[in-house]
Amino acid sequence: MDVNVGQILLWGALPYVSFAVFVVGLVWRYRYDKFGWTTRSSELYERRLLRLGSPLFHFGLLFVFLGHVAGLVIPKSWTRAVGISQEAYHLGATYIGSLAALALVAGLVILIYRRRTTGAVFKATTRNDKTMYVFLAAVILAGTYATVRTQLLGGHGGYDYRETISPWFRSLWVLHPRVELMTSIPAAFAVHIVLASLLFCLWPFTRLVHAFSAPVTYPLRPYVVYRSRDERLGSRAPRRGWERTK
Amino acid sequence: MKVMAQMSMVMNLDKCIGCHTCSVTCKQAWTNRTGMEYVWFNNVETRPGLGYPRTYQDQDRWKGGWKLKKNGRLTLRAGGRWRKLATIFSNPLMPSIQDYYEPWTYEYDMLLNAPQGQHTPVAKPKSLLTGDDMAITWSANWDDDLGGSTKTMQQDPVLQHMSEHVATELEKTFMFYLPRICEHCLNPACVASCPSGAMYKRAEDGIVLVDQDRCRGWRMCVTGCPYKKVYFNHKTGKAEKCTLCYPRIEVGLPTVCSETCVGRLRYLGLVLYDADRVGTAAATESETDLYAAQRSILLDPHDPQVVAQARRDGIPEDWIAAAQASPIWKLISEYEVALPLHPEYRTLPMVWYIPPLSPVVDVVASSGNDGEDGRTLFAAISQLRIPLEYLAGLFTAGDTGPVEKVLRRLAAMRASMREVNLGNELPEEVAAAVGMTGQQVRDMYRLLAIAKYEERYVIPAAHTEVAADLEEMACSLDFEGGPGMGGGGPFGSTSGVPTPVAVENFHALAARQTADRPSTPGRVNLLNWDGNGNPDGLFPPHTDGAAEHAEPSDDAGPQEGGPR
């Protein structure tokens, strides 16, 4: 298998660029723009469609995320070691994954329809949001298409991404990307992965950051929070070298 | 016992004329921004009426506040922590903008720029949410003064808990105003509902605030607050609420709503309470016992044991003194005329109300009797079940006993002080009939009728002695729009660092403006110094002390840092 420059850039460089922008962007955004870090909910404007679309979309997304973890992170040999055959894995992954994708796409369609047709919601949609929606929808649709095309309609056994994409994904984390594995993957997967890399670049600069404020610690804290008055002088931390002397 | 201090308010409803000055000044100070058009930290409702947002008191529908579980423990009525997380993608119990009102403006531009034509140009109402033409069908005060109330009054949640014949008769007999701000509860359900932990109760003065940097816009606080006094800023995507004007309170000034109240009906002061017993009091089994339970955890600031414990718990001396002089403590516990709003929500609210006697007086007077006569008034209070039951529905979870007691005290004060005004002795037997002494009646009269600014607002300044000496630290140059203009961050005008509320700057300014000396001692404004002499503070003081003031500046003119 010969590897050309384009493939090295796509499968050896783009993931790292994307990851770097993602992490540095998130840190920068958190430090610089905590005030802008919010879900920017539009529930106040419209509730009926949101009540249907938002849980469909978000719960679908949670399952899709778990599916990606199972497919990309866990090696084939591990699932085989606990007695799950490739056929069983394939059936499970395909049907659960398809259901999750169905919920996800249905939610997405409802939410985009709502955003476009409800006047107040559409007016509150920024250019930033629209760009993000294009990429988000493209990633989801490409992923769904890839699943339908290669797994549901792809004949017996479907496409075994755990021989190519998954090892490549894991190889990225040990800083030794096995680009050669990616040279022959179906085009649908390639498009999905590239679009996802671009979405990760966009992530820190859009409202998608709210994914990282999932309030997982809420059940662990006491109900009522007490805090002391901020004893800091002025409303901002002083700049370096300008701190007050005691 | 753990003693904590709580800044609290009492409003005397007899004196509210429904002028909405508090609402307007509050809005000008705090919520005249995009995204906050529909937000009224302070609003004045006509009672009976729907309130704002409409029917917010109907907790069967909105599920605000706390409820008791079967095992006697408290849980949020809208569901506990796990339920909150499960419904986080779409909060089913949040009011939508239609439950408040769709904010609008008028197309004023048309009045000036319309082309010449046959008809007079009009300024059509335009929605501030969509920009489209809209028909105005509701607003924050749509049923003000019972306007249109024949259509809507039956939906008043407090009325719905009363018997039907009462409800239909009520409009003829009874109306009063209810100004509302955040209750700054001792057991705040909004704080408990916040998944991000962004809302908190300040340990020093009990003010409930939203940390704008930590709020992530999950909107659970809006549901949690049974008074619906947390609002969602639809521009920034963050929750905002009444701050009890904490920048003013910290420097010893009353809130904007109090300061501007035309009827001077608001009282501000500290109460001390036992933080260890908050949970127990809120979990009192019977709803009608909650008023007494809440009063039982408020501590007598004159009790030496309480004072000693307060000192141990780190409450400063001037704060203890302020708690002792507090008009709130007097009205709640000495005269027992102030009542909490909806204690049955179990949040232990700390903005209390003196229920209005004037509707009763009006009824008596309009029937041709003497509305100032003690016996007539007492009889009327007992007979006029309608106002009594309604007030009890607001203030005591339906128990008319405490409301009747308050109204009898107010009636006794009214009758007694008339005798005094007529040149007679204050009738001790009238005071005794309501369990008070003549002197108490006089004191209460003074506090309710003629108390001056310093008696109505007993507010100790926050402890920022260090900060008090400071000049303004810096101005907000952060973003485009120039100094102090706020402006847009990297993601539009709602991102970036929020415009700071410089409490200490305010404190420093207040100190300087109220100081005897022209400028902050020890500071020299070099821009005003003409170069002559050696003003104080230009150089550090000499260590030997003898050389100090050796060369007093001899220059003329009113300059800062000049001769002292």
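Quick look at the numbers
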| read-out | value |
| --- | --- |
| A:Val73 vs. criteria closer than 23 Å to A:Thr206 by Cα, surrounded by fewer than 15 Cβ atoms within 10 Å (Cβ to Cβ) and more than 14 Å from chain B (Cβ to nearest Cβ) | no |
| Only one of B:Pro356, B:Pro349, B:Pro343, B:Pro327 that is modelled with pLDDT of 95 or more and in contact with a Lys or Arg (Cβ under 9 Å, 6 or more places away or on another chain) | B:Pro327 |
| For B:Cys22: the one exception among (1) closer than 23 Å to B:Leu391 by Cβ; (2) more than 14 Å from chain A (Cβ to nearest Cβ); (3) in a loop (DSSP other than H, G, I, E, B) | (3) |
| Single residue of the range A:81-133 satisfying the filter (of a type in the set (Ser, Thr, Tyr) and more than 20 Å from the chain's Cα centre (by Cα)) that is farthest from the other protein chains (Cβ to nearest Cβ) | A:Ser85 |
| First in the range B:397-414 and free of Cβ contacts under 8 Å to residues at least 24 places away in the same chain, second anywhere and basic (Lys, Arg) and in a helix (DSSP H, G or I), Cβ under 8 Å, 6 or more apart | B:Thr400/B:Arg385 |
| Unmet requirement for A:Trp78, which otherwise passes all of (1) away from every other protein chain (no Cβ under 14 Å); (2) in contact with a helix residue (DSSP H, G or I) (Cβ under 6 Å, 6 or more places away or on another chain); (3) not small (Gly, Ala, Ser) | (2) |
| Neighbours by Cβ (under 7 Å, 6+ apart or cross-chain): first from the range B:13-40, farther than 16 Å from B:Asn141 by Cα; second small (Gly, Ala, Ser) and not in a helix (DSSP H, G or I) | B:Lys15/B:Gly263 |
| Residue within the range A:32-40 that is more than 11 Å from every other protein chain (Cβ to nearest Cβ), assigned to a helix (DSSP H, G or I) and closer than 30 Å to A:Leu175 by Cβ present | no |
| Subset tally (residues that are on the phi > 0 side of the Ramachandran plot and in contact (Cβ under 8 Å) with a residue 24 or more places away in the chain) for the range A:83-98 | 0 |
| Yes/no for B:Phe479 being at pLDDT 95 or above and either at positive phi or out of contact with any Lys or Arg (no Cβ under 9 Å at 6 or more places or on another chain) (or both) | no |
| Selected residue [at pLDDT below 90, hydrophobic (A, V, I, L, M, F, W, C) and in a helix (DSSP H, G or I)] from B:Ala411, B:Ala449, B:Ala467, B:Ala432 | B:Ala467 |
| Among residues of the range A:171-206, those that are among the β-branched types (Val, Ile, Thr) and farther than 19 Å from A:Ile8 by Cβ, counted | 1 |
| Among (1) within 9 Å of another protein chain (Cβ to nearest Cβ); (2) within 18 Å of the chain's Cα centre (by Cα); (3) crowded, with 24+ Cβ neighbours inside 10 Å, the one test that B:Arg219 misses | (2) |
| Elements of type strands (runs of 3 or more DSSP E) in the range B:52-164, at least 1 residues being of a type in the set (Val, Ile, Thr) | B:74-76, B:104-106 |
| Selection within the range B:189-210 - over 19 Å from B:Trp82 (Cβ atoms), outside any strand (DSSP E or B) and more than 7 Å from chain A (Cβ to nearest Cβ) | B:Ala198, B:Asp205, B:Gly206, B:Ile207 |
| Residue match in the range B:248-257 (condition: under 30 Å from B:Trp319 (Cα atoms), acidic (Asp, Glu) and buried (at least 23 other Cβ atoms within 10 Å of the Cβ)) | yes |
| Residue check, A:Leu49 more than 9 Å from every other protein chain (Cβ to nearest Cβ), out of contact with any Cys (no Cβ under 7 Å at 6 or more places or on another chain), closer than 30 Å to A:Tyr113 by Cα and exposed (fewer than 14 other Cβ atoms within 10 Å of the Cβ) | no |
| Residue under evaluation A:Ser54, criteria (1) at the interface with chain B (Cβ under 10 Å from one of its Cβ atoms); (2) surrounded by fewer than 18 Cβ atoms within 10 Å (Cβ to Cβ); (3) among the polar types (S, T, N, Q), criterion not met | (2) |
| Inter-residue pairs, beta-carbon under 6 Å, first under 17 Å from A:Thr206 (Cβ atoms) and in the range A:107-136, second among the acidic types (Asp, Glu), 6+ apart | A:Val121/A:Glu46 |
| Number of positions in the range A:206-219 that are more than 7 Å from chain B (Cβ to nearest Cβ) and within 18 Å of B:Cys221 (Cα to Cα) | 3 |
| Residue identified as buried (at least 20 other Cβ atoms within 10 Å of the Cβ), in a helix (DSSP H, G or I) and among the hydrophobic types (A, V, I, L, M, F, W, C) among A:Phe122, A:Phe169 | A:Phe169 |
| Any hit, the range A:208-226, residues being farther than 30 Å from B:Ile97 by Cα, of a type outside the set (D, E, K, R), touching a strand residue (DSSP E or B) at 6+ places or on another chain (Cβ under 6 Å) and without any contact (Cβ under 8 Å) to a residue 60 or more places away in the chain | yes |
| A:Val139 vs. criteria surrounded by 18 or more Cβ atoms within 10 Å (Cβ to Cβ), among the β-branched types (Val, Ile, Thr) and away from chain B (no Cβ under 14 Å) | yes |
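Let's see how each residue does on (1) away from chain A (no Cβ under 12 Å); (2) among the hydroxyl-bearing types (Ser, Thr, Tyr):
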{"site": "B:Leu74", "(1), (2)": "no, no"}
{"site": "B:Arg77", "(1), (2)": "yes, no"}
{"site": "B:Lys84", "(1), (2)": "no, no"}
{"site": "B:Thr87", "(1), (2)": "no, yes"}
{"site": "B:Gln98", "(1), (2)": "no, no"}
{"site": "B:Pro115", "(1), (2)": "yes, no"}
{"site": "B:Ala123", "(1), (2)": "yes, no"}
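The values are calculated or read from the model by the stated rules, or taken from the named source; none is laboratory data. Everything numeric in this text was worked out from a predicted model, so none of it was measured. Note: ideal-geometry Cβ built from the backbone for every residue, glycine included; neighbour counts use all protein chains shown.
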